[in-house]
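Supplied in structure tokens, the structure appears directly below.
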Amino acid sequence: GVDGCSVIDYTEEIIRQKEYLEQTMILVRIIVILLLAIGFFNILSTVNYILMEKKKEFAVMRAMGITDSRLMCTMAWEGVAYGSIISILMIIFTIVIQIPVKYFMDHGFVFINAQYSFYWPLAIGVTGVNILLSLIAVILPAKRVLFHEITEELSDIG
């Protein structure tokens, strides 16, 4: 009721923006899950290739007296190390990438009041998943190495 003033209701626009953001977040989560699966199979393939290349070295270690359980324990710790390193890098990159994302969200989406914080329980959960997947990715090929007989592996060493 004030002359020369116009009032615009942005309620519907805000609702549309929130719906768009929810759809975008669903798409981002699907992409993250796909990338996690691709990364898992890439690690599995790489570790499998490395271990198959080193079969003779493992056979020599087994011939010298290392037990199968000790070899598996060594491989398991290697998997835990892979998962831990990846998780540390993930946390560092997540914190560093929040800076440009915060800038984009503040200046690109005027109607969205985004809150910025690092959600530690989620980071710990993803760290656990990373370590578990890395452990599985190392143990599966390591079990294949143990199925081979020592004499078969060492027969062509001359």
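Rounded if a/c is under 1.5, else prolate if a/b beats b/c, else oblate: with a ≥ b ≥ c from the C-alpha gyration tensor eigenvalues square-rooted, which is the stretch 1-87? Working shown, then result.
Working: a/c = 7.42, a/b = 4.95, b/c = 1.50.
Cα axes put the stretch 1-87 in the prolate bin.
Then there is this: Summing Lys, Arg as +1 and Asp, Glu as -1, what charge do residues with Cβ under 15 Å from the Cβ of Gln17 carry, Gln17 excluded? Please list the in-between numbers first.
On the way: positive: Arg16, Lys18; negative: Asp9, Glu12, Glu13, Glu19, Glu22, Asp106.
Cβ neighbours under 15 Å give a net charge of -4.
A follow-up question, please. Here are a few candidate values for Rg/Rh (Cα atoms, Kirkwood Rh): (1) 0.95; (2) 1.06; (3) 1.28. Which one was actually calculated from the structure I just gave you?
Calculated Rg/Rh (Cα atoms, Kirkwood Rh): the matching label is (3).
Okay, moving on. Rounded, prolate or oblate: which fits the stretch 1-45 when a ≥ b ≥ c are the square roots of the eigenvalues of the alpha-carbon gyration tensor, with rounded for a/c under 1.5 and prolate only if a/b beats b/c? Please list the in-between numbers first.
Values: a/c = 12.94, a/b = 6.53, b/c = 1.98.
Here the stretch 1-45 falls in the prolate category.
Which part of the stretch 16-34 falls in the paramagnetic zone of Phe109, meaning amide N under 19 Å from the point 7 Å along Cα-to-beta-carbon?
16-33
By the gyration tensor of its Cα atoms, with a ≥ b ≥ c the square roots of the eigenvalues, what is the shape of the stretch 45-113: rounded for a/c under 1.5, prolate for a/b over b/c, or oblate?
Details: a/c = 6.45, a/b = 4.00, b/c = 1.61.
The shape class here is prolate.
Can you list the DSSP H helices in the chain whose Cα atoms extend at least 18 Å along the helix axis and whose mean Kyte-Doolittle hydropathy is 1.6 or higher? Intermediate results must be reported in sequence, preceding the final value.
Working: long enough: 11-53 (62 Å, 0.94); 68-108 (58 Å, 0.97); 120-147 (41 Å, 1.70).
Qualifying helices, which must be both long enough and hydrophobic enough, are 120-147.
Which order do you get for Cys73, Cys5 if you rank them by accessible area with a 1.4 Å probe, largest at the top? Each step should come with its number before you reach the end.
Numbers: Cys73 45, Cys5 95 Å².
Solvent-accessible surface, decreasing: Cys5, Cys73.
Could you please report the charge total around Leu51, scoring K, R as +1 and D, E as -1 over all other residues with beta-carbon less than 12 angstrom from its beta-carbon? Walk me through the numbers before you get to the answer.
Values: positive: Lys54, Lys55, Lys56, Lys143, Arg144; negative: Glu53, Glu57, Glu78.
Net charge around Leu51: +2.
In addition: Could you state the number of Å between the C-alpha centres of the stretch 30-49 and the stretch 68-139?
After rounding, the separation between the Cα centres reads 14 Å.
The values are calculated or read from the model by the stated rules, or taken from the named source; none is laboratory data. These numbers were taken from a predicted model, which means no experiment stands behind them. Backbone-built Cβ (ideal geometry, glycine too); neighbour counts: all protein chains shown. Only protein heavy atoms, including side chains, enter the accessible area calculation; ligands, DNA and RNA are left aside. Shrake-Rupley method; radii C 1.70, N 1.55, O 1.52, S 1.80 Å.
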